[in-house]
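Read the structure below first, then the notes.
Each value in this text was obtained by applying a stated rule to the coordinates, not by laboratory testing. In this text the structure is predicted, and so the values were computed from the model without any measurement. We place every Cβ from the backbone using ideal geometry, glycine too, and count neighbours over all the protein chains shown.
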Amino acid sequence: MPFATWWRGDPLPELPPLPSFAARRVSDGAATVRLTGLPEPIAEARLGAEHDLFVASLADEQVGYGWLARRAGGIEELDFSFEVPPGNAYLWDFVTLPAWRGRGVYPHLLQAILTHEAAVGRFWIGYEADNLASARGIARAGFKLVGDLAVTDGRVSGFNATEPGARARAARALFGPNGPP
């Protein structure tokens, strides 16, 4: 599973205009259930665990969403969890509603979160290797690929960085088998 990162001070590429685009944080459990389709206990648990839901709108119609984790993240399919160190955030479970795909909602929403969350220095986001639309949207928003989770027998066994440096070291510390230092 590839992971990308954006650090405060990295450039934010200019995106094509998306008239009437807006993004906002939603903290209401009922609104979260309506938009995401999550069962109420799961939506409430996410909101209660310091996960923030960000919603994208076009002309006041909700067209997508994504989550930001401040303390802990994970990938349920790999039975993998990790702590999110202070000053970092993990972005996950992004969805653009089908009728709105292909319009640039995803990179606009990612950049809106980066701009809104000024206290966060490092953002991390993963995606399925075969999800080319996610990979493109993440790159368009300004994120840089840092490497892949190593998976052995269906479990995360480490992190393979694409190049050496501070970002690779930070990713290994975050996603390696021993987690953050």
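Binning at 10 angstrom from zero up to the longest distance, how are the C-alpha pair distances of the chain distributed in percent?
All Cα pairs considered, the percentages come to 9, 38, 38, 14, 1.
What do you get for the angle between helix 166-175 and the principal long axis of the chain? Use alpha-carbon atoms, 0 to 90 degrees, nearest ten.
So the helix axis and the longest Cα principal axis differ by about 90 degrees.
Quote to one decimal, in nm, the extra length available between SER20 and GLU50 on full extension: 0.36 nm per residue of separation minus the C-alpha distance between them.
So the extension gain works out to 7.9 nm.
At 0.692 mPa s and 37 °C, plugging the Kirkwood radius over alpha-carbon pairs of segment 1-69 into Stokes-Einstein gives what diffusion coefficient in µm²/s?
Translational D for this selection: 237 µm²/s.
How high is the FRET efficiency between GLU163 and LEU97 when r is their beta carbon distance and R₀ equals 45 Å, given to the nearest 0.05?
Efficiency computed from Cβ-Cβ geometry: 0.80.
For the chain, build the charge dipole from Cβ charges (+1 Lys, Arg; -1 Asp, Glu) around the Cα centre, then report which of GLY165, ALA112, ILE75 sits farthest towards its positive end.
GLY165
Could you work out the pair-distance distribution P(r) of segment 83-181 from its alpha-carbon pairs, with 5 angstrom bin width and percents rounded to whole numbers?
2, 12, 20, 23, 20, 13, 7, 2, 0
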